[in-house]
Amino acid sequence: MTVQVILKGFGEVVKEVTFRVRRYDPEKDNTPKYSEYKVPVKKGMTVLDGILYIKEHIDPSLSARYSCRMGICGSCAMIINGKERLACQTQILELNKDLIKVDPLGNYNLIKDLVPDLSKLFNNHKSVKPYIIRNDNPPTAEYLQKPEEREKYAMFTECILCGACLSACPTMAADDLYLGPQALAQAYRYIADSRDMGFEERLNVLDSKHGVWRCHFAGACSEVCPKGVDPALAIQLLRGVLMKNSFFGYKQVPAPVGKERPTVVEGLKVLEEKIKESEKK
Amino acid sequence: MMLIDNKKGWISWFNPIKYGMDRWLFALHRLTGIFIGLYLIAHIFETSNILKGPLTWNNLMVFLDWPFGVHLGPYILSILLLAVVFHGFNGLRLTIVENGLMLTKPYRPDYPYEPKSLKGWNLGLKILTAILMIVIGIIGIVYIFTGVLL
Ligand code: HEM
Ligand code: SF4
Ligand code: FES
């Protein structure tokens, strides 16, 4: 016997909406312009589905960036009806409008149509050294961390680098060099990690003219974040750490290393030999 | 590859539509900050007229109360009062929360992901600002229009 799942009304065309999409072709246009497309909407259809419908049935030259279609790769962030959202996570029927206006993310350079150049996001992320920094020897086991220590930064690890927050941020709208909510939240994510010792190393980037003090807590980043990262919270907590540092000094205490693991020690030896060998060559 | 700049620009500061309450407060804080800054300059210029003697001063006072024959003075002062009260109290709130104080601890986000940094005590301080604005606004505006101190 086959088990049939019946989703009532799923797949039926419910209504027709107009997609007003901002188009820009770097080879033809000097400025972006809007084009309109009529899209039949079925239950369950997302804005990304709508864009792909246009691409398949009306205008194949329409460009957008997407990959996973399930809100996890962070490729498809765009401005839908005035607000930054993931196209693949936005139900057309839930927007409850007959006109769907789609713009590429703001505050980035534009490559084509709905495709922003996210290199600013990635470079800023890189500049805050988003990894655990230690000044002791390579570990021979895990750094030990208590569950409650993990809770101090766990929520900020959810970031999928979609870049929506930078597009919503009013500081970003006028300051090209601002680090932005994503990078600042990740800086806090590592500084608040009990295994990290990199506070001092990150300080000059964070405490700079275009660093953490440029935030005005407008909260727009947190409003649009599709993963609930609440970058605005991380930024204010980061500022708290920097203030504490300037008044009383802020010291990170390194998390202890666990019981030595023979396999890790062996592995390190092999690695060292390999490095020596390659250095000889 | 021809990239074009797609920055929203400073004008977007004053368009808080589509985001939450804090985005409105940001726009208002900036607007009121600029407004009372400009007022301060104008105020210094205005009061410097006392140097030109009592007649000039009195004429200016009448003009500012009745600019171009319309009794706008009290309205302008009322708006100024509300702007200063808002900017001041919201500024105190920002001084607290922008230093990481009175905010929620990191938490586990749950769909539909309402940012808790804007809620809790932070929301409480926003409500307090609104209450103070209403109370001081009523007392001040009644005083401006009638000269009666409640
Ligand atoms: C009760 C006294 C005041 C307090 C507590 C206060 C507080 C603040 C704070 C905390 C900010 C930074 C807000 C942010 O991070 O976005 C700010 C911004 C500002 N303030 Fe004030 N302020 C006061 C009075 C004034 C006065 C008298 C003026 C005008 C001369 C003024 C003009 C401005 C301006 C132009 C800004 C920049 C707006 C912005 O960054 O969004 N403030 N104020
Ligand atoms: S913090 Fe949120 S909005 Fe910003 S890049 Fe990460 S997932 Fe996207
Ligand atoms: S396509 Fe991956 S997040 Fe939307």
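Every number here is computed from the coordinates shown, using simple stated rules; none is lab data. These numbers were taken from a predicted model, which means no experiment stands behind them. Quick reminder, even Gly has a Cβ in these numbers, built from the backbone with ideal geometry, and neighbours come from all protein chains shown.
When the C-alpha to C-alpha distance is required to be over 26 Å, the pairs from A:Lys251/A:Lys274; A:Lys152/B:Lys116; A:Lys129/B:Lys18 that qualify are A:Lys251/A:Lys274; A:Lys129/B:Lys18.
In chain A, helical runs assigned H by DSSP with n ≥ 4 each contribute -39500 (n - 2.57); averaged across all residues and rounded to the nearest 500, the mean residue ellipticity at 222 nm is -9500 deg cm²/dmol.
For the residues B:Arg93, B:Arg30, B:Arg108, a GNM of chain B with alpha-carbon springs under 10 Å puts the largest fluctuation on B:Arg108.
Using a Gaussian network model of chain A with C-alpha springs under 10 Å, which one of A:Arg214, A:Arg69, A:Arg261 is most mobile by mean-square fluctuation? In the Gaussian network model the winner is A:Arg261. Distant-in-sequence amide contacts of A:Ile100, defined by a placed amide H-H separation under 5 Å and a gap of 5 or more residues or a different chain, comprise A:Thr18, A:Phe19, A:Arg20. Full extension of the chain segment joining B:Trp57 with B:Lys18 gains 9.3 nm, where the gain is 0.36 nm per residue of separation less the Cα-Cα distance. Choose one answer from A:Leu184, A:Leu95, A:Leu238: the residue with the largest mean-square fluctuation in a GNM of chain A with alpha-carbon springs under 10 Å. Most flexible of the set in this elastic network: A:Leu95. Against chain A, whose longest principal axis is taken from its Cα atoms, helix A:262-280 shows a tilt of about 90°.
Hey, what's the Cα Rg ratio for the stretch B:9-108 versus the globular rule of thumb, 2.2 N^0.38 Å?
Compared with the compact-globule rule of thumb, the stretch B:9-108 sits at 1.50.
Taken one residue at a time, the phi angles of the stretch A:93-109 give Karplus couplings (6.51, -1.76, 1.60, θ = phi - 60°) of 5, 6, 5, 6, 9, 8, 10, 10, 9, 10, 10, x, 3, x, 6, 10, 6 Hz. Gly and Pro are set to x. Each Lys or Arg adds one and each Asp or Glu takes one away; over the other residues whose Cβ falls under 13 Å from the Cβ of B:His87, this sums to +2. The phi-based Karplus calculation (6.51 cos²θ - 1.76 cosθ + 1.60; θ = phi - 60°) puts the 3J(HN,Hα) values of the stretch B:108-113 at 8, x, 10, 4, x, 6 Hz, whole numbers, x for Gly and Pro. The C-alpha atoms of chain A define a longest principal axis, and helix A:180-191 lies at about 30 degrees to it.
Please work out the Cα convex hull volume for chain A and give it in Å³ per residue.
Once divided by residue count, the hull of chain A is 242 Å³.
With both labels modelled 7 Å from their Cα along Cα-to-Cβ, the B:Ser48 to B:Asp110 distance reads 6.0 nm. Along the charge dipole of chain A, which of A:Tyr53, A:Leu179, A:Val265 sits closest to the positive end, that is, farthest toward it, with unit charges on the beta carbon of Lys, Arg, Asp and Glu (+1, +1, -1, -1)? Positive-end residue among those listed: A:Tyr53.
About its Cα centre, what dipole magnitude does the stretch A:2-116 give when the only charges are +1 on Lys and Arg Cβ and -1 on Asp and Glu Cβ, stated in debye to the nearest 20?
200 debye
Per-residue Karplus couplings for the stretch B:15-21, computed as 6.51 cos²θ - 1.76 cosθ + 1.60 with θ equal to phi - 60°, are listed in order as 10, x, 4, 5, 9, x, 4 Hz, Gly and Pro entered as x. Around the Cα centre of the stretch A:119-247, unit charges on the Cβ atoms of Lys, Arg, Asp and Glu (plus for the first two, minus for the last two) sum to a dipole of about 160 debye. About the centre of its Cα atoms, the protein assembly as shown shows a dipole size close to 300 debye [charges on the beta carbon of Lys, Arg (+1) and Asp, Glu (-1) only; nearest 20 debye]. The ellipsoid equivalent to the alpha-carbon distribution of the stretch A:2-116 has semi-axes of 26, 15, 13 angstrom, derived from the gyration tensor eigenvalues as √(5λ) and listed largest first.
Structure note, pairs A:Lys33/A:Lys83; A:Lys101/B:Lys7; A:Lys38/B:Lys7; A:Lys55/A:Lys101: Cα-Cα distances above 21 angstrom occur for A:Lys38/B:Lys7.
Considering only B:Met102, B:His87, B:Leu55, the residue lying farthest towards the positive end of the dipole of chain B is B:Met102, judged by Cα position with unit charges set on Cβ. For A:Val14, the residues whose modelled amide H falls within less than 5 Å of its own, excluding neighbours fewer than 5 places apart on the same chain, are A:Val41, A:Lys42, A:Lys43.
Taking every Cα-Cα distance in the stretch A:119-247 and sorting them into 5 Å bins starting at zero, the pair-distance distribution P(r) comes out as 2, 11, 22, 24, 20, 12, 6, 3, 1, 0 percent.
Close amide H pairs (under 5 Å, H built 1.01 Å from N) link B:Ile4 with A:Leu110, residues at least 5 positions away or on another chain.
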